[in-house]
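First up is the structure itself, then whatever we jot down about it.
The values are calculated or read from the model by the stated rules, or taken from the named source; none is laboratory data. It should be emphasised that the depicted structure is a prediction, and the values quoted were computed from it without experimental measurement. Backbone-built Cβ (ideal geometry, glycine too); neighbour counts: all protein chains shown. Quick note on the areas: whole protein, heavy atoms, side chains included, nothing else; ligands and nucleic acids left out. Shrake-Rupley method; radii C 1.70, N 1.55, O 1.52, S 1.80 Å.
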Amino acid sequence: MRTITWNDETHQVEMIDQRLLPRDFKILTYDQYQGVAEAIRTMVIRGAPAIGAAAAFGMALAAYQSGAKTMAGLQADLKAAGDHLNTARPTAVNLAWAIRRMLDAVQRFDGTPDALRAQVLKLAMDIADEDVEINKRLATYGAALIEDGDHIVHHCNTGALATVDWGTALGVIRMAHEQGKRIHVFVDETRPRLQGARLTAWELEQYGIPYDIITDGSSGYLMRKGLVQKVLFGADRVAANGDVANKIGSYMLALAAYDNAIPAYSVFPVSTVDFELPRGELIPIEEREDAEVLDLTLMGKPVAPVKATARNFAFDVTPNRLISGWVTEKGVIYPPFDVNMQAAMGK
Ligand code: MRU
């Protein structure tokens with residue numbers, strides 16, 4: 001099933017509450033765009049492509065929330081909704097990408113306010129449908145890189161839950177599995193929100209793909225022991241020079257892979273490339289509340305001293321020189337990324 005859907009009867013957006021998985025499976029419903037922004041911020045829904053789709057459906061809610069009777073009034077309400085949704089999380093560019101795509105269409109639209117409302121909803125549905133189609137396409141390119149018997153380290157959650165459906169890096173793994181390749185996944189647990197141990201492990205169980213959860217610091221040791229053939233992770237924002245912002249820990253994983261001559265691929269749709277940002281250092285990196293790090297118990301007791309403080313950067317930036325290739329819906333793109341991406345974009 002899809003991570004996010006539109007209920008045509010109630011005019012509400014429905015999302016799987018990812019904070020509760022894998023113990024509880026619950027669907028939350030939203031009828032206001034402000035609620036969708038809060039769902040993105042609190043990570044009811046997360047993962048760059050899923051955040052983009054959520055923002056698009058948030059705009060559809062805003063169109064129906066607005067009582068504007070004129071085109072100018074409705075366009076102004078949608079602009080305000082877009083500005084609000086845009087602040088929900090800073091790093092995944094898919095959020096701004098989806099909102100910009102919606103607002104461009106809103107500005108160009110020629111017709112009545114009610115026709116514009118219907119058009120905004122249609123565009124949100126298109127963005128969601130395209131995401132699934134793009135994921136399957138890039139997964140087919142990526143699966144060709146996977147060999148029978150590969151052991152793959154995967155970081156965070158990049159599966160159906162991180163997208164509308166199917167997934168990016170985990171989608172590659174799923175596609176290779178469906179093609180009959182025998183693969184095994186080392187699942188980084190991905191502190192502090194544990195998207196790997198909770199969400200990726202849950203998805204892999206459903207697909208029948210063998211896996212072991214590993215602590216985030218383990219992968220270098222496994223590589224040194226010759227137990228890893230590939231590293232796959234997603235992306236939240238890719239700079240024009242090929243630097244990749246992704247879940248915190250991706251940089252250290254890519255470093256270890258580089259040192260062990262193991263290919264590390266970043267898998268993402270082209271909508272994750274921020275062509276306006278020349279280098280990775282310019283990517284805004286979200287820092288979340290320290291409670292996410294400190295609220296950890298062992299044998300029922302808090303781990304850290306009572307007065308402990310923490311820094312909680314949600315993402316890091318992997319320099320392009322550590323990345324073997326990008327897997328996108330345009331194909332696998334190899335370094336130099338800036339040059340080869342331009343060629344691929346023409347496809
Ligand atoms: O903080 P999250 O869970 O939204 O972070 C998600 C990631 O970093 C994913 O790897 C990335 O969004 C790619 S998802 C296809």
Inset, instruction - Considering (1) closer than 20 Å to F275 by Cα; (2) touching a helix residue (DSSP H, G or I) at 6+ places or on another chain (Cβ under 7 Å), say which one A308 fails and leave the rest. - result: (1)
Inset, instruction - Output the residues belonging to the stretch 274-284 that are more than 17 Å from I333 (Cβ to Cβ) and open to solvent by 60 Å² or more (accessible area, probe 1.4 Å). - result: E276, P278, R279, E281, L282
Inset, instruction - Using the structure shown, decide if A63 is buried (at least 24 other Cβ atoms within 10 Å of the Cβ), touching a residue at least 24 places away in the same chain (Cβ under 8 Å) and in contact with a Ser or Thr (Cβ under 6 Å, 6 or more places away or on another chain). - result: no
Inset, instruction - Look at T91 and say whether it is out of contact with any Phe, Trp or Tyr (no Cβ under 8 Å at 6 or more places or on another chain), of a type in the set (V, I, T) and at pLDDT 95 or above. - result: no
Inset, instruction - Select, from T112, T42, T140, the only residue that is within 18 Å of E14 (Cα to Cα) and among the polar types (S, T, N, Q). - result: T42
Inset, instruction - Could you please let me know if E289 is open to solvent by 10 Å² or more (accessible area, probe 1.4 Å), more than 16 Å from the ligand (Cβ to nearest atom) and out of contact with any Lys or Arg (no Cβ under 7 Å at 6 or more places or on another chain)? - result: no
Inset, instruction - Determine, yes or no, whether T70 is in contact (Cβ under 8 Å) with a residue 60 or more places away in the chain and either assigned by TED's automatic domain parsing to the domain that holds V238 or among the β-branched types (V, I, T) (or both). - result: no
Inset, instruction - Residues being touching a Pro at 6+ places or on another chain (Cβ under 9 Å), assigned to a loop (DSSP other than H, G, I, E, B) and open to solvent by 10 Å² or more (accessible area, probe 1.4 Å): count how many of those fall in the stretch 320-347. - result: 2
Inset, instruction - Take the stretch 179-191 and flag every residue that is over 12 Å from I146 (Cα atoms) and either open to solvent by 30 Å² or more (accessible area, probe 1.4 Å) or near the ligand (Cβ under 10 Å from one of its atoms) (or both). - result: E189, T190, R191
Inset, instruction - Count, please, the residues in the stretch 270-311 that happen to be over 22 Å from R41 (Cα atoms) and of a type outside the set (F, W, Y). - result: 19
Legend entry - Residue check for S271: under 21 Å from G220 (Cβ atoms) and either open to solvent by 20 Å² or more (accessible area, probe 1.4 Å) or within 14 Å of the ligand (Cβ to nearest atom) (or both): no
Inset, instruction - Restricting attention to the stretch 178-199, report how many residues are within 17 Å of C156 (Cβ to Cβ) and either of a type in the set (A, V, I, L, M) or out of contact with any Phe, Trp or Tyr (no Cβ under 8 Å at 6 or more places or on another chain) (or both). - result: 14
Inset, instruction - Output the residue which, of all residues in the stretch 215-243 that are among the hydroxyl-bearing types (S, T, Y) and open to solvent by 10 Å² or more (accessible area, probe 1.4 Å), is farthest from the ligand (Cβ to nearest atom). - result: Y221
Inset, instruction - Being open to solvent by less than 10 Å² (accessible area, probe 1.4 Å) and not in a strand (DSSP E or B) is the filter; apply it to the stretch 244-254 and report the residue that is nearest to the ligand (Cβ to nearest atom). - result: S250
Inset, instruction - Just give me the residues in the stretch 15-38 being under 15 Å from A81 (Cβ atoms) and surrounded by fewer than 24 Cβ atoms within 10 Å (Cβ to Cβ), in sequence order. - result: Y30, D31, Q32, Q34, G35, A37, E38
Inset, instruction - Taking A56 as the residue in question, decide whether it is more than 15 Å from the ligand (Cβ to nearest atom), over 22 Å from the mean Cα position of the chain (by Cα) and surrounded by 18 or more Cβ atoms within 10 Å (Cβ to Cβ). - result: no
